[in-house]
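The values are calculated or read from the model by the stated rules, or taken from the named source; none is laboratory data. Fair warning: this is a prediction, and the values are worked out from it, not measured in the lab. So basically every Cβ, Gly included, is an ideal-geometry build from the backbone, and we count neighbours across all protein chains shown.
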Amino acid sequence: MTAPLLQVQDLTLYRGSRKILDSVSLDLAPGETLALVGESGAGKSTISAALMGLVEGARVEGHARFDDVPDLIGLNEKGWSRLRGRRLSMVFQDAGAALNPCYTVGSQLATVLRRNMGLPRKQAHARAVELLESVGINDARARMQAYPHQLSGGMQQRVMVAIALACNPELLFADEPTSALDVTIQAQIVRLILDQTRAHGASCIFVLHDLALASQACDRIVVLYAGQVMESGRCDVVLADPRHPYTKLLKSCVVEIGTENLDPPEGGVPSYDALPQGCRFASRCPRAQDQCWASRPPLTESAGRMMACWNPEVAA
Amino acid sequence: MTDTTTHMTTPAVTRKRRNIFMRRPFFAAACIIAIGYVLCAAFAPWIAPYDPVAQSIDAMMAPPGGANLLGTDSYGQDILSRIIYGSRYALLIGFCSVLLGAAGGLILGIAAGLASGWVEWVLMRIIDAILTLPSLILAVAFIAILGQGVDKVIIAVALSMVGPFAWMVRADVLQVKSQLFVEAASLMSIPRLQVIWRHILPNVVFPLAVQMTVRISEAILVSASLSFLGIGVTPPTPDWGLMIAEGRGFVSFAPWMSGMPGLALALLLIALSIVGDGVREEFDPKLRSDR
Amino acid sequence: MTIPNDRIPPVFELREVEKVYQIKRPGRLFSRHKVGLHALDGVRLTIQPGASVALVGESGSGKSTLLRVLLGLTPPTQGLAYYKGRPVIAARAEGIDFARDVAMVYQDARGSLDPRMTVGAILAEALRHFRICTRDQEPARIADLLTRVGLPAEAAAGYPSALSGGQVRRVAIARALASNPTVLVADEAVSGLDVSTQAQLLNLLRKLRAEMGLTLVFITHDLGVASYLCDEIAIMYLGRIVETGPTNAVLTAPAHPYARALRRAAPEFFAPITDPLPGEIPSPLDLPKGCRFAGRCTLARDDCRATDPALMRLPQAQGRAAACLHPLTLMND
């Protein structure tokens, strides 16, 4: 295995007295795609925001080494400005809100190129047209003059991808890039992000809530619950044979075509104030024991994946 | 991560309401001052050391201190007593006119918000016409028609406030009207009047009540301005605006005559606007940033 | 859609329903020129009592307009919409019977509940309005409704703002059930929720349907949800139903190329991501002349671009219909 591009260790984030992220560790090899999955409030988006230096009003602890940058946590604004948009970039869920409605997509794209790559005006314009073409926008030269609201949701997301990839970043965050889009457009955008990151040799971290999509799009997966990593590993290992009760629960609740019966447990994610001391999932876990309530299980390797559970499922 | 907020609203809200006075020390102080004024107004005959209209030639323009704590005016009337009694009129006019103005604004605003076609057009032009003039000038105009006296001042000030209230109510009605729960109610074939009464009205009245607390200070200021101009309440009623006007001629050698009632007025206005802002920030969902 | 029954009229019957909205031509600031937007065009749909029908389509397919026509909120521009043998608009205008019989659950459940009313007051309003029970019976009835949707009876005292997304949907369902309806119309009632909450709600709807014998019209974009909850499916594209039939038959072997593309675009565990459908839904302001899907269809031939196919019964399959000149053979997919 080559040296990981990104290595996150014990990332912990407090908002007031609430521990939003609790010792999250993960790593990412160059060219790899990783899925962060979990229910709402699991901290998926917070991780990507913390790694992009976009959290405010929170205390962040832990370490995150990115390539030759020893630690992303605690980086100053100058350090971030050298990374953000150039080596790290992001595709947001709501492209319509992320694009500035006052400028044409062409000028927004060209501005990024001029500022971050130092291209002169003419070249930036030419490169912007190329980029729009590469993300599958027909008649790119004319579309350069369009304002974001004149484009459909799918087109806006394509522009977002073009902007995110404008400077050949090494790592792309895609925060629910398709959940606001129709299914047929969703497939187009996921395909586009995968093709483009592959072509650039970039790594990609997807924040997703759809396990089936994660299994299709990503090499590896990290399952989060209330800010703790429950299980992580290769998608074809973790999702094919989930051993952590939470991953199993999530998978059992996915309704696919032809699903005959669902058997979801009652209840939902408790509020952050009412989480158990030990494993945060203990209050909903069908296999919880006294130990689970008392102490937090460490993330250890077993059955070909990393898992934090005192009483995992046995092999099927 | 926006969804996390929905899970923890209940405890957050109760915690928030409990220590509002702790978190807003200025608000707490302003509340105490405003309540002090209200108490003064309510118990004026017991608190005031003298009769507010008792004149005395022996003690004309006595400086503060001594027998008259805040001095006396050119007729030898005790300024402290007059200020205490004056708070009655100030608060009475403030509350009543805001209440009346809000009631008028509510009716006009709801009608304008729910009507369509030419009715809406006419109502909106009426509201616009009221809004074009500042409330003081409008109040002067109404006084010119109605004549002087406490009741007339209340009506004039109330009329001058109908415009802003109506405008706000209409905006709220338009916003509430388009909400899904109103459509859901009409889908259940609930009669229109019931929908208005049960769903639209409560959602409009609450922000209106908040707005009323903010506007009381404006009403008091307008009424004081009217009496300062000599067209509000008639002398010898102990009214602050009137007192300031009377002391105007003696400012160089008896500054307390205008200064003391001016101070009382300023203090009340500042206190009321802090209270109003606090109430608005606390209860107006549009300004609440954390939810 | 399947069993022809002469004695009981169908719950809903739409015959060649067309809905055209007159809108200002976009992009022209001061123009008064209006153009027709065909939100629905030639929609034929029959919903029998006790059926469960999923309306599936992407945004702009006309699902919401169809829903408004079914509920009598919008009269169709052309064609006829019947509710139990009477025109829907007339049925709605006649009194509260239609509203009692046909209940609705909105996608934005939180927005559909008055934020200044407690959950109990919201349910009581429906009970009183439809005169379901006397005032003394109300508390018991409310508790019963809440338990039926899986909420504790104490929830009646709280406000919707204190509830989670899943709980708010349950309250919305409880309100819909308060009038003892026979038809439940749900617009994306389980979308935008966590999977475990979604699964709970799906089971709840399934249970309620079985217990109360509800006719269910369920709008969704999720084929998995459609197949779990509904026996029949109607797939819409650009204001038109392109394929109908029994859900599982349609989804295992779609006849319309769009149905197949939709089926393939749905995420599936470990399946490779299929070649996505090219292009986007064209604007309903300038519709293509022939088949509306021809521009994105990989199998389109010349006649597809010339003639607009109507929804026709498929001779090979029972109870299925598709609007395609060259339907996919049902065997080899």
Farther than 21 Å from A:L172 by Cβ, of a type in the set (D, E, K, R) and within 14 Å of chain B (Cβ to nearest Cβ): does that describe A:E61? no
Taking the stretch A:215-255 and keeping residues in a loop (DSSP other than H, G, I, E, B), closer than 23 Å to A:Y14 by Cα and within 14 Å of chain C (Cβ to nearest Cβ) leaves A:A226
Going through (1) more than 18 Å from C:G239 (Cβ to Cβ); (2) β-branched (V, I, T); (3) touching a residue at least 40 places away in the same chain (Cβ under 8 Å) one by one, C:I273 fails only at (3)
Within the stretch C:31-57, tally of residues that are in contact (Cβ under 8 Å) with a residue 60 or more places away in the chain, of a type in the set (D, E, K, R) and surrounded by fewer than 22 Cβ atoms within 10 Å (Cβ to Cβ): 1
I'm trying to understand the selection: among the residues of the stretch A:16-65, which are crowded, with 23+ Cβ neighbours inside 10 Å and in a loop (DSSP other than H, G, I, E, B)? A:G38, A:G41, A:A42, A:G43
Tell me whether the stretch B:108-131 contains one or more residues that are in a helix (DSSP H, G or I), under 17 Å from B:I93 (Cβ atoms) and in contact with a helix residue (DSSP H, G or I) (Cβ under 9 Å, 6 or more places away or on another chain). no
Would you point out the residue of the stretch C:45-97, among those that are polar (S, T, N, Q) and not in a helix (DSSP H, G or I), that is nearest to the other protein chains (Cβ to nearest Cβ)? C:S59
Scanning the stretch C:188-199 for residues that are modelled with pLDDT of 90 or more and touching a helix residue (DSSP H, G or I) at 6+ places or on another chain (Cβ under 7 Å) gives none
Give just the number: which of (1) assigned to a helix (DSSP H, G or I); (2) β-branched (V, I, T); (3) under 23 Å from the mean Cα position of the chain (by Cα) does B:V233 not satisfy? (1)
So which residues in the stretch A:272-281 are without any contact (Cβ under 8 Å) to a residue 60 or more places away in the chain and surrounded by 19 or more Cβ atoms within 10 Å (Cβ to Cβ)? A:L275, A:C279, A:F281
Pair list, Cβ < 6 Å and 6+ apart or interchain, from the stretch A:144-156 residues that are within 8 Å of another protein chain (Cβ to nearest Cβ) and within 15 Å of C:I281 (Cβ to Cβ) to residues that are of a type in the set (V, I, T) and surrounded by 17 or more Cβ atoms within 10 Å (Cβ to Cβ): A:G154/A:I185
Say whether the condition of being under 26 Å from A:P270 (Cβ atoms), modelled with pLDDT under 90 and assigned to a loop (DSSP other than H, G, I, E, B) is met by at least one residue in the stretch C:117-138. no
Collect the residues in the stretch C:179-223 that are within 14 Å of chain A (Cβ to nearest Cβ), part of a helix (DSSP H, G or I) and in contact (Cβ under 8 Å) with a residue 60 or more places away in the chain, keeping them in residue-number order. C:L223
When residues of the stretch A:219-255 are limited to those that are basic (K, R) and under 15 Å from A:A35 (Cα atoms), the one surrounded by the most Cβ atoms within 10 Å (Cβ to Cβ): A:R220
Verdict on A:L26 being in contact (Cβ under 8 Å) with a residue 60 or more places away in the chain and closer than 17 Å to A:L299 by Cβ: yes
Is there a residue being more than 10 Å from every other protein chain (Cβ to nearest Cβ) and closer than 29 Å to B:S135 by Cβ anywhere in the stretch B:185-192? no
List the number of the failed condition for B:Y50; all other conditions in (1) part of a loop (DSSP other than H, G, I, E, B); (2) surrounded by fewer than 17 Cβ atoms within 10 Å (Cβ to Cβ) hold. (2)
(1) within 14 Å of chain C (Cβ to nearest Cβ); (2) of a type in the set (K, R); (3) surrounded by 22 or more Cβ atoms within 10 Å (Cβ to Cβ) all hold for B:K177 apart from (3)
I'd like to know if the stretch A:86-97 contains one or more residues that are within 13 Å of chain B (Cβ to nearest Cβ) and not hydrophobic (A, V, I, L, M, F, W, C). yes
Please determine, by comparing only the residues of the stretch C:157-185 that are hydroxyl-bearing (S, T, Y) and over 19 Å from the mean Cα position of the chain (by Cα), which one is farthest from C:T147 (Cα to Cα). C:S161
Take B:I143 and tell me if it is more than 18 Å from B:A115 (Cα to Cα), away from chain C (no Cβ under 13 Å) and not polar (S, T, N, Q). yes
Search result, residues across the stretch A:193-209 that are within 14 Å of chain C (Cβ to nearest Cβ), surrounded by fewer than 20 Cβ atoms within 10 Å (Cβ to Cβ) and either touching a helix residue (DSSP H, G or I) at 6+ places or on another chain (Cβ under 9 Å) or in a loop (DSSP other than H, G, I, E, B) (or both): A:L194
Just to verify a result, which residue in the stretch C:161-178, among those that are at pLDDT below 90 and over 14 Å from C:L204 (Cβ atoms), is farthest from the other protein chains (Cβ to nearest Cβ)? C:L163
When you look at A:A212, is it surrounded by fewer than 23 Cβ atoms within 10 Å (Cβ to Cβ), closer than 16 Å to A:M306 by Cα and within 12 Å of chain C (Cβ to nearest Cβ), yes or no? no
Any residue at all in the stretch B:201-211 that's within 14 Å of another protein chain (Cβ to nearest Cβ) and farther than 26 Å from B:S160 by Cβ? yes
Subset of the stretch A:82-96 [in contact (Cβ under 8 Å) with a residue 40 or more places away in the chain and either at positive phi or not in a loop (DSSP other than H, G, I, E, B) (or both)]: A:G85, A:L88, A:S89, A:M90, A:V91, A:A95, A:G96
Any residue at all in the stretch A:77-86 that is out of contact with any His (no Cβ under 9 Å at 6 or more places or on another chain), at pLDDT 90 or above, surrounded by fewer than 19 Cβ atoms within 10 Å (Cβ to Cβ) and more than 28 Å from A:R191 (Cα to Cα)? no
In the stretch A:256-305, residue farthest from A:L239 (Cα to Cα) [restricted to those that are assigned to a loop (DSSP other than H, G, I, E, B) and among the β-branched types (V, I, T)]: A:V269
Which condition number in (1) surrounded by fewer than 20 Cβ atoms within 10 Å (Cβ to Cβ); (2) at the interface with another protein chain (Cβ under 9 Å from one of its Cβ atoms); (3) touching a residue at least 60 places away in the same chain (Cβ under 8 Å) is the one that C:G150 fails? (3)
